[in-house]
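Structure record follows, encoded as structure tokens.
Taken together, the values in this text are just the output of simple stated rules run on the coordinates, not laboratory data. The shown structure was predicted, so the numbers you read here are calculated from the model rather than taken from an experiment. Here the Cβ positions follow ideal geometry from the backbone for every residue, glycine too, while neighbour counts run over all protein chains shown.
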Amino acid sequence: MKTVIHMLLTLTFIGIVSGGLLSQISEWAEPKIEEHRKAETARAIYLVQPEAKSYERITNVDFEVYKVFDEMKNSIGFALPYEGNGFQGKIRLMVGLNDELNKLKGLQILEQVETPGLGTKITEENFLKQFLNLSAQPMVNWVKAVPPEKQNEIQTITGATISSKAVVIILNDGIKKLRDAEKDGGVK
Amino acid sequence: MKNKVTIIKEYTKGIWQSNPVFKQILGMCPTLAVTVSAINGIAMALATTFVLVFSSFIISSVRKLIPTQVRIASYIVVIATFVTIVDLVMKAQFPELSKSLGPYIPLIVVNCIILGRQEAFSSKNTPLRSVVDALGMGSGFLIALFMLGSIRELLGSRTILGFQLLPDFYEPWLVMILPAGAFLTLGLMLAFFNNLSLHKKKSDNDKLIAKYLKTKTAADFVIEENK
């Protein structure tokens, strides 16, 4: 019985000390981590919406999306972070769209765990620049091994077809969700 | 018997004689997973050393107060506390590094080097010796991870610590930054170091035999003279 009490007391004591210490550290670290996250979001928004000067989070939808303004405070479109499955894990991207939701202003990959050297090419300029001013009407589409002919087509990367397709699929899912939200009531 | 081991020996054994990676083959998960570049290896090893030193200190200080039945649970809580501290501090101060190490920082909790040292060393030794031992093990881990990371980074992306060392015409071996490259490099390094210590053992043996033969012939000589 004595050992049991001793055991309980030891573990309780260690638990309390550890919990107390961690809550102190977390109190100090949490605002900094939040700041980094915000700075990263802002950086990505300005990359996908090059003319943007300020942005605002839209609050009446259940997913994360930002309205973007130019220096005159006129709305110039949306920045939409969205994620989905890639070849090996989640791909998280940020896409810039115009007000009518039919044209892409830019695309950035925020997080990915694709195959180094192959799938990771989706983060490179050569792939991403295809999305500049790309039409999303009716949806973005991909072609394989030949240069794209239509306004809404991009060419997949050789050796990374699945990753390239995944990006396009995630993109289309995100655009569709935003269009649906716009249809039933609009986004503010 | 314990006190015969000097403090210096306590430190250096972690680097070579019982190097956690090359000799004890512990902590393989972070060793293989994060060493795509030298800087990742260094960061991982430093984080591990931090956790190792502080948990060794705490655990060896309270080693007589912890009942044996709950010692592992207590060790894990202490280790987890320090790992969470490292994780939070890294996220707050070095967001880029923390991103590239991803889930491997929280996974230090289950790194067997740390729990292994607590069970094998800190729970039986004084705080000073435990801290020295932890520093030694940490240095050994750092050397191993830095070597592995440098080799993989050099062959896989031409650079070490971000400085380009191989010329542009060298085509990077993609396999080196893939998981397979980690296994290949580690296997070859283990073979190399085992071979080295085998040779050392053999030459030590030869020296001992030569010395013995010398004394023997001298002794025989003396005996014969006495006759």
With the radius of gyration and the Kirkwood radius both derived from the Cα set of the range A:144-188, what is their ratio Rg to Rh? 1.15
Residue with peak Gaussian network fluctuation, chain A [Cα springs, cutoff 10 Å], from A:160, A:145, A:29: A:29
Lys/Arg +1, Asp/Glu -1 at C-beta; chain A dipole; positive extreme among A:156, A:6, A:47: A:6
Sparse-neighbourhood loop hits (GluC sites (Glu not before Pro), the range A:119-180; DSSP loop; Cβ within 10 Å at most 12 others) -> A:124, A:149
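If the only charges are +1 at each Lys and Arg Cβ and -1 at each Asp and Glu Cβ, what is the size of the charge dipole of chain A around the Cα centre, to the nearest 20 debye?
My answer is approximately 240 debye.
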Evaluate the relative contact order of chain B (contact order divided by residue number), counting alpha-carbon pairs under 8 angstrom at least 6 apart; express in whole percent. 31
Sequence-distant residues sharing a close amide H with residue A:136 (under 5 Å, placed H): A:103, A:104
Treat every Asp and Glu Cβ in the protein assembly as shown as -1 and every Lys and Arg Cβ as +1, leave all other atoms uncharged, and give the resulting dipole magnitude about the Cα centre to the nearest 20 debye. 1840
Which residue fluctuates most in the GNM of chain A (Cα springs below 10 Å): A:84, A:20, A:119? A:20
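If we count other beta carbons within 10 Å of each Cβ, what is the order of B:220, B:87, fewest first? Could you put the intermediate results ahead of the total?
Working: B:220 10, B:87 20.
Going from least to most buried by this count: B:220, B:87.
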Among the listed pairs A:176/B:99; A:165/B:91; A:103/A:177; A:150/A:183; A:144/A:183, which are separated by more than 24 Å between their Cα atoms? A:176/B:99; A:165/B:91; A:150/A:183; A:144/A:183
Given Cβ charges of +1 for Lys and Arg and -1 for Asp and Glu, the option among A:141, B:148, A:118 whose Cα lies farthest towards the positive end of the dipole of the protein assembly as shown is B:148
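Using the Kirkwood radius over C-alpha pairs as Rh, can you work out the diffusion coefficient of the protein assembly as shown via Stokes-Einstein at 10 °C, viscosity 1.306 mPa s, in µm² per second?
62
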Kirkwood radius from Cα pairs of the range B:57-129 plugged into Stokes-Einstein at 10 °C, 1.306 mPa s, gives D in µm²/s equal to 120
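Using helices alone, what [θ] at 222 nm do you get for chain B, with -39,500 (n - 2.57) per DSSP H run of 4 or more residues, divided over all residues and rounded to the nearest 500? Walk me through the numbers before you get to the answer.
Numbers: 9 runs with 162 residues, N = 227.
Calculated from helices alone, the mean residue ellipticity at 222 nm is -24000 deg cm²/dmol.
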Between B:101, B:208, B:135, find the one with the highest GNM mean-square fluctuation for chain B; connect C-alpha pairs within less than 10 Å. B:208
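Rounded to the nearest 20 Debye, what is the dipole magnitude of chain B about its Cα centre when Lys and Arg each give +1 and Asp and Glu each give -1 at the C-beta? Numbers along the way, then the final one.
Numbers: 23 positive and 13 negative charges, 185 e Å.
Dipole size: approximately 880 debye.
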Cross-link reach from residue B:13 to lysines, straight Cα distance under 19 Å and at least 8 residues apart if same chain, gives B:2, B:4, B:23, B:124, B:200, B:201
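Does the range A:48-183 come out rounded, prolate or oblate by the C-alpha gyration tensor, with a ≥ b ≥ c the root eigenvalues, rounded set by a/c under 1.5 and, if not, prolate when a/b is larger than b/c and oblate if not? Don't jump to the answer; show the numbers that get you there.
Numbers: a/c = 1.82, a/b = 1.58, b/c = 1.16.
It comes out prolate by the Cα gyration axes.
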